[in-house]
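The values are calculated or read from the model by the stated rules, or taken from the named source; none is laboratory data. Keep in mind that this is a model prediction, so the values were computed, not measured. Every residue, glycine as well, gets a Cβ built from its backbone with ideal geometry; the counts of neighbours run over all protein chains shown.
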Amino acid sequence: MPDNTGGGTHTLLTDAAGSLLGARALRLLLCLLPANAAASEWRAPGLQGLTVRSLAAAADRLYAGTEGQGVFCLDLAGGGSVWRSLGLDGVTVTGLWADRLRPGLVLAATDGRFATILLFRTLDGGRSWEPLGSGVPFPASGVRLMSRVHGTPGSSTIFSAGGAVWRSDDLGESWQEVFPRAELLSLEVAPTNANTIWAGGISEVALSRDGGLAWRQVWRPDAPGSGATTDIAAHPRIDGVALTGHDGFVQRTEDHGGTFQTVLRAPLRFFLAWDGDHRDWAYAVGSSSGGGATAYLSRDLGKTWISVARATPGGLAVHDIEADDRLAGVVYVATNNGVYRLCGFGPSGRPGAAGKHSRPAPARAPARLPLS
């Protein structure tokens, strides 16, 4: 059975101090407890024994999509000690998105093992789920896979990626294929402009700046098949600034992909997030092919990086990361052995902007696409 609690010390502190400390202060206290030797430590708040493939945060909730066990939720406002199952048992959830403006709306992309169902939607925080795959057109690439999903806060527009990039303007009831590429691994809707869509795959990074109507390839590897794009994180406040995570390196652009600079190299598969409070801070967490994860921090908008958490024991593989949207210096990591929390990067800031997936409302609503 998986461990759905945060462990003895954390649980005891929550019970003893919960009535004396606010939830935010208590979470900070737990992160600042003395730990073994490293500036930042890997702590395990739960789901150990499960493979967690995806994370999303909104409205003091952290959602985890698992391999074959559906979706779980952690109440961060309540101290963050017990995970609650939200259903979809038997489903592998490869991508999650939660709307910070509508806390009950959560989207879950699946691994494509179903004949038609590629996406599930809940409007009531997980009490019930609706399958949405019947409206997804079969991709021109021939690869029926939806690995990532990303909405726009407060809007009915959704993008998803896998065997193509699809767009829906009615919360998933109907879909258009807008970018016919196979094996897309990453997807990002820029929080500064909801018409700016990033997609990354085995051999490229592509960008649309008109809501998916037109696309251009902004990066490709020197050698075909090298440097697969595992994650993309657009800056939540500075338009045009983005980080791309790859097998072996991290890149940075500040001109919508006009130019890229390689800013970090390590034999890791990288996932990325911007800090929820410090606008200049970014995180890169990765694992090697043999297992074992390492975390890096940038305090200058991704230009330079330092290692901030020692490597974990071999065998731990990273699948996604999510920055806490209220506390500076707190990052959650999805792994093949549950969820880990990294903290102690620096002092907590005031409640700030949302993290990588639960972002401030976009500056402009997404433009409507013409009906096909």
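Within region 202-218, does at least one residue satisfy the condition of being surrounded by fewer than 16 Cβ atoms within 10 Å (Cβ to Cβ), touching a Gly at 6+ places or on another chain (Cβ under 6 Å), touching a residue at least 12 places away in the same chain (Cβ under 8 Å) and of a type in the set (A, V, I, L, M)? No, region 202-218 contains no residue that is surrounded by fewer than 16 Cβ atoms within 10 Å (Cβ to Cβ), touching a Gly at 6+ places or on another chain (Cβ under 6 Å), touching a residue at least 12 places away in the same chain (Cβ under 8 Å) and of a type in the set (A, V, I, L, M). I'd like the residue in region 245-263 that is of a type in the set (S, T, N, Q) and crowded, with 20+ Cβ neighbours inside 10 Å and, out of all such residues, is farthest from G290 (Cα to Cα). That would be T253.
Let's see how each residue does on (1) crowded, with 17+ Cβ neighbours inside 10 Å; (2) over 19 Å from the mean Cα position of the chain (by Cα):
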site: G90; (1), (2): no, yes
site: L96; (1), (2): yes, no
site: L123; (1), (2): no, yes
site: P137; (1), (2): no, yes
site: V149; (1), (2): yes, no
site: G154; (1), (2): no, no
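The criterion of at least 2 residues that are among the small types (G, A, S) is met, among strands (runs of 3 or more DSSP E) falling completely within region 74-160, by 93-98, 106-110, 146-151. Of the residues making up region 208-264, just one is aliphatic (A, V, I, L, M), over 21 Å from the mean Cα position of the chain (by Cα) and not in a loop (DSSP other than H, G, I, E, B), namely V218. Across region 192-207, the number of residues qualifying as at pLDDT 95 or above, touching a Phe, Trp or Tyr at 6+ places or on another chain (Cβ under 9 Å) and part of a loop (DSSP other than H, G, I, E, B) comes to 0.
Among the residues of region 334-343, write down those that are in a strand (DSSP E or B) and on the phi < 0 side of the Ramachandran plot. Spell out the reasoning first.
Just the residues of region 334-343 that are in a strand (DSSP E or B), to begin with: 334-336, 338-343.
Those that are in a strand (DSSP E or B) and on the phi < 0 side of the Ramachandran plot: A334, T335, N336, V339, Y340, R341, L342, C343.
The strands (runs of 3 or more DSSP E) found wholly in region 15-67 and carrying at least 3 residues that are modelled with pLDDT of 85 or more and either buried (at least 22 other Cβ atoms within 10 Å of the Cβ) or of a type in the set (S, T, N, Q) (or both) occupy 52-58, 61-66. Close contacts from region 63-88, counting a first residue that is among the polar types (S, T, N, Q) and a second that is in a loop (DSSP other than H, G, I, E, B) and crowded, with 21+ Cβ neighbours inside 10 Å, with Cβ to Cβ under 6 Å and a gap of 6+ residues or different chains, come to T66/L50; Q69/L50; S81/G6.
Residue count for region 217-242 under the criterion of being touching a His at 6+ places or on another chain (Cβ under 8 Å) and closer than 15 Å to S186 by Cα: the result is 6.
Residues that are crowded, with 22+ Cβ neighbours inside 10 Å: which strands (runs of 3 or more DSSP E) entirely in region 265-333 hold 3 or more of them?
Working: elements: 282-287, 293-298, 306-309, 318-323.
Where strands (runs of 3 or more DSSP E) fall fully within region 265-333 and carry at least 3 residues being crowded, with 22+ Cβ neighbours inside 10 Å, they are 282-287, 293-298, 318-323.
In the condition set (1) farther than 26 Å from Y340 by Cβ; (2) touching a Gly at 6+ places or on another chain (Cβ under 9 Å); (3) surrounded by fewer than 22 Cβ atoms within 10 Å (Cβ to Cβ), D169 is compliant with all but (2). Residue under question is S186, and the condition is that it be under 22 Å from the mean Cα position of the chain (by Cα), assigned to a strand (DSSP E or B) and among the hydroxyl-bearing types (S, T, Y); does it hold? Yes: the conditions hold for S186.
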